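Asks: Got a structure here, written out as C-alpha cells. Questions coming.
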Amino acid sequence: MSDSAPTAAIDPTVPPSGPGCADCESHDPPGWWVHLRRCAACGHVGCCDSSPGQHATAHAAASGHPVVQSFEPGEDWFWDYAEEAVVDGPALAEPTSHPEDQRSPGPRGRVPLDWRDHLHR
C-alpha cells in the first residue's frame, strides 16, 4: 500500500448511505451494480467502474471526495482517485459492507441475464 490518505478525505464517523448504490437506487427504473464503493468522506455508496453507472467515480469527481473504501464483504482496502493508488485508512463506521446475502452483481432481481455484456472494462 502507498502512503496514508489525506486526513481531510476521510471521516470515520460517517455511516454509509445505504446497502446499495445510492445513484442506481434513485434512477427510474432502478439500476444494478457489479461491486460497491463507499466514499470515505461522506459515506455515499456508489457502484464500481465495471458497473454500467460508474457512480463511485462520478461522485468522487463531482464532490471532490477522492477516497473510497470497498463496500464488499471481507474487503477493507481504500482507493485514492486523485493519487490513482491504494492508500491506508482508518476503520470506518459500521456497517463496513453491503449485507453478505446481497450477491454481486446485484441487487437480486435487477441484474439482466446478459449482464456481462454491459460491463465497462
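Asks: Under a 5 Å amide H to amide H cut-off, with H placed in plane at 1.01 Å, what residues pair with residue 4 once short-range neighbours are removed?
Replies: Correct list: 88.
Asks: Under the Karplus relation 6.51 cos²θ - 1.76 cosθ + 1.60, θ = phi - 60°, what is the ordered set of whole-Hz ³J(HN,Hα) values for region 68-79, x standing for Gly and Pro?
Replies: 10, 10, 4, 10, 9, x, x, 10, 9, 6, 10, 10
Asks: Under the Karplus relation 6.51 cos²θ - 1.76 cosθ + 1.60, θ = phi - 60°, what is the ordered set of whole-Hz ³J(HN,Hα) values for region 33-43, x standing for Gly and Pro?
Replies: Couplings: 9, 8, 9, 10, 10, 10, 5, 6, 8, 10, x Hz.
Asks: Which ³J(HN,Hα) values in Hz, rounded to whole numbers, follow from the phi angles of region 85-101 under the Karplus curve 6.51 cos²θ - 1.76 cosθ + 1.60, where θ = phi - 60° and Gly and Pro get x?
Replies: Along region 85-101, the couplings run 8, 6, 10, 8, x, x, 5, 9, 4, 5, x, 9, 7, 5, x, 4, 7 Hz.
Asks: Tell me which residues come under 5 Å, amide H to amide H, from residue 33 once H is placed; ignore anything under 5 positions away on its chain.
Replies: Counting only residues 5 or more places away or on other chains, the set is 106.
Asks: Sort 75, 84 by Cβ crowding within 10 Å, fewest neighbours at the top.
Replies: Going from sparsest to densest Cβ surroundings: 84, 75.
Asks: Sort by residue number and name the cysteines in the chain that have no neighbouring cysteine Cβ under 4.7 Å.
Replies: 39, 42, 48
Here, each number is a calculation from the coordinates, and none is a lab measurement. From a predicted model like this one, the values you see are computed outputs, not experimental measurements. We place every Cβ from the backbone using ideal geometry, glycine too, and count neighbours over all the protein chains shown.
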